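Enquirer: One structure is given below, represented as structure tokens, and several questions about it will come after.
The values are calculated or read from the model by the stated rules, or taken from the named source; none is laboratory data. All values reported here derive from a predicted model rather than from experimental measurement. Heads up, the Cβs are rebuilt from the backbone with ideal geometry, glycines too, and the neighbour counts pull from every protein chain shown.
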Amino acid sequence: MNSNQRQRGATTVEFALGLVLFLTFVLGIVDFSRMLFTWSAAQEATRAGARYAVVCDDTLHQAQVLAKMQAMLPQISTINVAWLPSGCTSATCEGVTVTVTGLNYQWISPIAGLAARAPIAMPTFSTFLPREVMRQDPNSASICS
């Protein structure tokens with residue numbers, strides 16, 4: 001075996017090691033970007049759920065609020081809709097707080113996957129909106145349907 005063949009083998013091994021490091025780095029960046037997207041989507045879904053509850057007067061229909069939020073982020077499974085003051089009616093409510101809890105993020109990149117097999121718990125997302133003219137959204141006639 002001559003030195004040229006040995007050099008080509010060494011170059012191939014170096015390239016393979018470099019490629020593994022490069023792909024791990026790139027996939028880590030992509031995974032971190034996915035996590036930030038999920039965080040942003042959870043905040044927006046919480047805001048949209050609170051808006052739906054406040055406009056549509058869904059004081060008793062938490063499942064409909066959850067369905068609207070899941071349309072934006074299907075991973076959402078646990079929400080709390082709290083009307084203020086407690087036990088109010090559409091005429092006496094001052095506002096609503098919608099809270100998302102129990103949202104987890106699962107890494108898919110190789111390095112993070114080895115380090116953390118368990119899902120990462122995301123923080124609680126919460127939005128308060130004051131009462132609007134319920135069932136009368138000036139921007140959309142179909143938000144409550």
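The rows are residues; the columns are (1) touching a His at 6+ places or on another chain (Cβ under 9 Å); (2) free of Cβ contacts under 8 Å to residues at least 60 places away in the same chain; (3) under 27 Å from Phe125 (Cα atoms); (4) among the hydroxyl-bearing types (Ser, Thr, Tyr).
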{"position": "Leu19", "(1), (2), (3), (4)": "no, yes, no, no"}
{"position": "Thr24", "(1), (2), (3), (4)": "no, no, no, yes"}
{"position": "Arg34", "(1), (2), (3), (4)": "no, no, yes, no"}
{"position": "Thr46", "(1), (2), (3), (4)": "no, no, yes, yes"}
{"position": "Leu84", "(1), (2), (3), (4)": "no, yes, yes, no"}
{"position": "Ser90", "(1), (2), (3), (4)": "no, yes, yes, yes"}
{"position": "Leu103", "(1), (2), (3), (4)": "no, no, yes, no"}
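Enquirer: Going by the structure shown, is Val30 closer than 14 Å to Leu129 by Cβ, within 24 Å of the chain's Cα centre (by Cα), modelled with pLDDT under 90 and outside any loop (DSSP other than H, G, I, E, B)?
Expert: For Val30, the condition - closer than 14 Å to Leu129 by Cβ, within 24 Å of the chain's Cα centre (by Cα), modelled with pLDDT under 90 and outside any loop (DSSP other than H, G, I, E, B) - is not met.
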